[in-house]
Amino acid sequence: MGTSVDAPAVVAEEVTDNMLGGKKVTVVFVLGGPGSGKGTQCTNIVEHFGFTHLSAGDLLRAEIKSGSENGTMIETMIKEGKIVPSEVTIKLLQEAMIKSENDKFLIDGFPRNEENRSAFENVTKISPAFVLFFDCTEEEMEKRLLGRNQGRVDDNIETIRKRFKVFVESSLPVIEYYSSKDKVKKIDAAKPIPEVFEDVTAIFAPYAPKV
């Protein structure tokens, strides 16, 4: 008799396991400095391994564009040079994961710092399967960013160095935290794109769609 009484409690526990209405997901954080080539590789991972790519920056921009109250608040904060609170970005990521029919996600550009990371795990109760870290020298990233002909106004040497410094100061503690949990898969991102993708493929092989 005891088991039938306990059963509902177990079910309830599973449902509240994470904040996605009980949806079981695989999350991979993608981190790398500006110009490390992570965008290109995310596209490849989506195409070959069936992940859904969620970019924190894109979600914030889409929210601003939607004209919602939340979007207006985000826009004001960005204009004033303030950092958008972790909770706001996490809520957008959470909603995107719930809406998606997929259960495998690449989260790109987040967590940007240690506070983001702890807030994400505390709020969603989700811990990443691993962190994919595109490791690239500052010289190489600089060369790539300056060689981009995308007309990005912010791609001058000074700005690039600032962006790099911010990345090192805020993201490296996140990488160190996950390294201590043996969850970082580091890729030499200075290699040519096809070679980088070979390394990515080796890491993602267990997640390949079943044919």
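The table that follows gives values for the structure above.
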{"item": "Residues of the stretch 158-183 with amide N under 17 Å of the 7 Å Cα→Cβ point at K143", "result": "161"}
{"item": "Farthest positive-ward along the chain dipole, Cα basis, beta-carbon charges - from L145, A190, V27", "result": "L145"}
{"item": "Relative contact order %, the stretch 24-202, counting alpha carbon pairs below 8 Å whose residues are six or more apart", "result": "35 percent"}
{"item": "In nm, spacing of pseudo-spin labels at S68 and I193 (7 Å Cα→C-beta vector)", "result": "3.3 nm"}
{"item": "Cleavage-rule hits, trypsin sites (Lys or Arg not before Pro), the stretch 35-115, DSSP coil, Cβ neighbours within 10 Å at most 12", "result": "K82"}
{"item": "Förster-model FRET efficiency, 30 Å R0, D103 and V168, C-beta, rounded to 0.05", "result": "0.35"}
{"item": "Pairs of Lys in the stretch 108-211 closer than 18 Å at Cα, counting only those 8 or more apart or on different chains", "result": "5"}
{"item": "For the stretch 24-202, diffusion coefficient by Stokes-Einstein and Kirkwood Rh (Cα), 20 °C, 1.002 mPa s, µm²/s", "result": "126 µm²/s"}
{"item": "Among A96, P173, A129 the positive-end extreme of the charge dipole of the chain (Cβ point charges)", "result": "A96"}
{"item": "About the Cα centre, charge dipole magnitude for the stretch 24-202 (Lys/Arg +1, Asp/Glu -1 at Cβ), debye", "result": "160 debye"}
{"item": "Computed helical MRE - 222 nm, the chain, DSSP H runs ≥ 4 contributing -39500 (n - 2.57), nearest 500", "result": "-18000 deg cm²/dmol"}
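Since every read-out is calculated from the coordinates, none of them should be taken as a lab result. None of these values were measured; they are calculated from a predicted model. Glycine gets a Cβ as well: all are built from the backbone with ideal geometry, and neighbour counts include every protein chain shown.
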